[in-house]
Amino acid sequence: EEPLRAAGAQLVARPGGGVLTLQFITERAGSPLRDVRVRQALNLATDREKIARVLFRGRTVAASQPAARQAFGYDPSLAPWPHDPALARRLLAEAGHAAGLALTAEVVIGAGANDALAYQSVAADLRAVGVDLTLRTIPTSVLMRNVFAGGWRGDAFGMDYGSLPTLDALRPFRLHSCLWTKPWYCDPELVPLIKAARVELDEARRHDLTRAVVRRSRDRAAALFLYEIVSFDALAPRVRDYRNAFGVIDYAVLDVVP
């Protein structure tokens, strides 16, 4: 940011409409991530507030749920998982992993701002509670192949809960549920809620159903929820009235002064 300011330019942060996570793969026999206590422990061990405050200089917030604040169905009553390493260690011990645990996460680097540092911060936090997280870098093509065909080589992978273009918190659950053709996380109790929300015509009732989906996913620690995705644009000094709403630039008002 400092070089931009020195050149007279401006850095603009804009919400991305989604939440970055390390998505747990629970549909594998023998995986420790099938135990909700382990998933909750990993969330408790992660200092997501630090990621938002330090790596993003406060330009985003720690994720409290699998929905960004702008999305229909976001639940403002939910708070981010607290950073509680002591409780994380107790839950891991209760789950039979007092001696530690080794996990691998497949991640795409460079898909978003500071994602590499964010994943490294998570790995450092988990190491402090006895969880050795190995980060394996994969290209986007492999991520997409695995999403559609399976074949994951790790225990988790980096992926967002994205609500665009509809800004609907229910949208990512077509992937992050038993309803997907090759599910990585399957909570049967979520399915009737998702299906009911999909066909509900009453807006208030649909809102309540969507929030119920969001709350259960958060409480069951379906993923390691990190932060709300934020994107950055750099503007030259001559640019005026720049507006970018979730990737759509309003050229009708954009101006470049002499």
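The values are calculated or read from the model by the stated rules, or taken from the named source; none is laboratory data. The structure displayed is predicted, hence computed values, not measured ones. Glycine gets a Cβ as well: all are built from the backbone with ideal geometry, and neighbour counts include every protein chain shown. The accessibility values were calculated without ligands, DNA or RNA, using every heavy atom of the protein model including side chains. Shrake-Rupley method; radii C 1.70, N 1.55, O 1.52, S 1.80 Å.
Things worth noting here:
- Cα gyration tensor category, rounded, prolate or oblate, for region 139-253 with a/c compared to 1.5: oblate
- The C-alpha atoms of the chain define a longest principal axis, and helix 190-199 lies at about 40 degrees to it.
- Tilt relative to the chain, helix 203-219 - C-alpha long axis, 0 to 90 degrees, to 10: 60 degrees
- Percent accessible area from carbon and sulfur atoms, the chain, protein chains only, probe 1.4 Å: 53 percent
- Considering only alpha-carbon pairs that sit under 8 angstrom and 6 or more positions apart, the relative contact order computed for the chain is 34 percent.
- Here the simple spin-label model places points 7 Å from the Cα toward Cβ, and for E2 and V239 these points are separated by 2.3 nm.
- For region 62-67, Karplus couplings with θ = phi - 60° (6.51, -1.76, 1.60), whole Hz, Gly/Pro x: 5, 6, 9, 5, x, 8
- Nearest-ten-degree value, helix 36-45 long axis tilted from longest Cα axis of the chain: 40 degrees
- If the segment from R220 to Y251 were pulled out straight at 0.36 nm per residue, it would be longer than the present Cα-Cα gap by 6.9 nm.
- Dipole of the chain, positive direction: furthest Cα of V248, A124, A71, with charges on the beta-carbon: A124
- Per residue accessible area in Å² of the chain, where ligands, DNA and RNA are left out and the probe is 1.4 Å: 47 Å²
- Of L170, L135, L117, the one that fluctuates the most in a GNM where the chain has Cα springs shorter than 10 Å: L117
- With the helix formula -39500 (n - 2.57) applied to DSSP H stretches of n ≥ 4, the chain reaches a computed 222 nm mean residue ellipticity of -8500 deg cm²/dmol.
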